[in-house]
Amino acid sequence: MSEAPRKEANADPPGEARWPMAGAVLAAMILILLLPKGERVGPAWLVPAIAGLLLVAVIVGDPGRIDRRSRTVRVLSIGLVAVLVLNSLWATGQLIDALINGGPETDSAEDLLAAGTVVWVSNCLAFALLYWELDSGGAAARAHNVRDRVDFAFPQQINPDLAPGWRPRFVDYLYLGFTNATAFSPTDAMPMVPWAKIAMTLQSLISLAILGLVIARAVNVFS
């Protein structure tokens with residue numbers, strides 16, 4: 001009689017911890033404050049304040065481990081990620097415009113490299129959160145094995161014998177975001193659906209533009 005409840009509990013393990021995702025959001029908020037004035041959306045506090053309020057709402061709606069399947073929490077979480085992604089895209093566009101047409105930070109190699117690094121890391125964090133939020137319906141859906149198909153195929157999923165019962169956590173999507181931005185191609189997880197392929201392509205193009213233009217301009221300033 002005691003075996004049945006134990007098996008039933010193991011069939012639906014708890015969701016992943018909230019703190020890695022929350023830590024990434026806080027890091028993204030700090031990076032926004034470090035952006036040059038011309039690459040921010042409104043006052044320096046605006047986007048971090050919006051992201052902070054959405055993060056608090058998400059944590060209140062699903063405290064502890066991420067395992068509550070709630071439409072409200074899902075909408076708030078997607079909204080939070082959307083704010084960070086759109087802000088990163090805006091900062092990228094402003095940086096590229098400054099590199100092409102000239103800007104206050106483009107006259108100093110140190111300032112330019114610092115601004116480029118902040119924008120590049122911001123994009124890595126934003127896209128990692130995007131992949132984490134949208135893959136297979138989100139973290140709560142993955143915790144309950146709601147969907148049979150995956151949007152990203154990790155090696156452990158392709159070959160379950162490598163790690164029986166494994167499911168991706170935020171750190172896996174963080175790794176995906178950073179490797180896609182540096183290698184400009186999949187290195188770990190393979191995109192299986194159109195939105196994932198489009199998002200990875202967009203991130204690679206953004207990373208290529210930032211690294212190429214910033215390094216070229218910095219070399220020109222140094223010389």
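The values are calculated or read from the model by the stated rules, or taken from the named source; none is laboratory data. Here the structure is a predicted model, which means the values were calculated and not measured. Neighbour counts run over all protein chains shown; Cβ positions are idealised from the backbone, glycine included.
Results, tabulated for the structure shown:
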| read-out | value |
| --- | --- |
| Identity of the residue in segment 100-146, of a type in the set (Asp, Glu) and closer than 19 Å to Ala22 by Cα, that ends up surrounded by the most Cβ atoms within 10 Å (Cβ to Cβ) | Asp135 |
| Neighbours by Cβ (under 8 Å, 6+ apart or cross-chain): first from segment 67-82, within 11 Å of Leu134 (Cα to Cα); second not in a helix (DSSP H, G or I) | Arg74/Gly138; Ser77/Gly138 |
| Any hit, segment 55-78, residues being of a type in the set (A, V, I, L, M, F, W, C), within 16 Å of Asn123 (Cβ to Cβ) and assigned to a helix (DSSP H, G or I) | no |
| Residue selected from segment 152-188 under the condition within 24 Å of Val119 (Cβ to Cβ) and of a type in the set (Gly, Ala, Ser), by the criterion surrounded by the fewest Cβ atoms within 10 Å (Cβ to Cβ) | Ser185 |
| Complete set of residues in segment 158-170 that are in contact with a helix residue (DSSP H, G or I) (Cβ under 6 Å, 6 or more places away or on another chain) and part of a helix (DSSP H, G or I) | Leu162, Phe170 |
| Restricting segment 100-157 to residues that are among the β-branched types (Val, Ile, Thr) and not in a helix (DSSP H, G or I), the residue that is modelled with the highest pLDDT | Val150 |
| Candidate set from segment 87-139 (those that are touching a Gly at 6+ places or on another chain (Cβ under 9 Å) and charged (D, E, K, R)); member that is farthest from Val150 (Cα to Cα) | Glu105 |
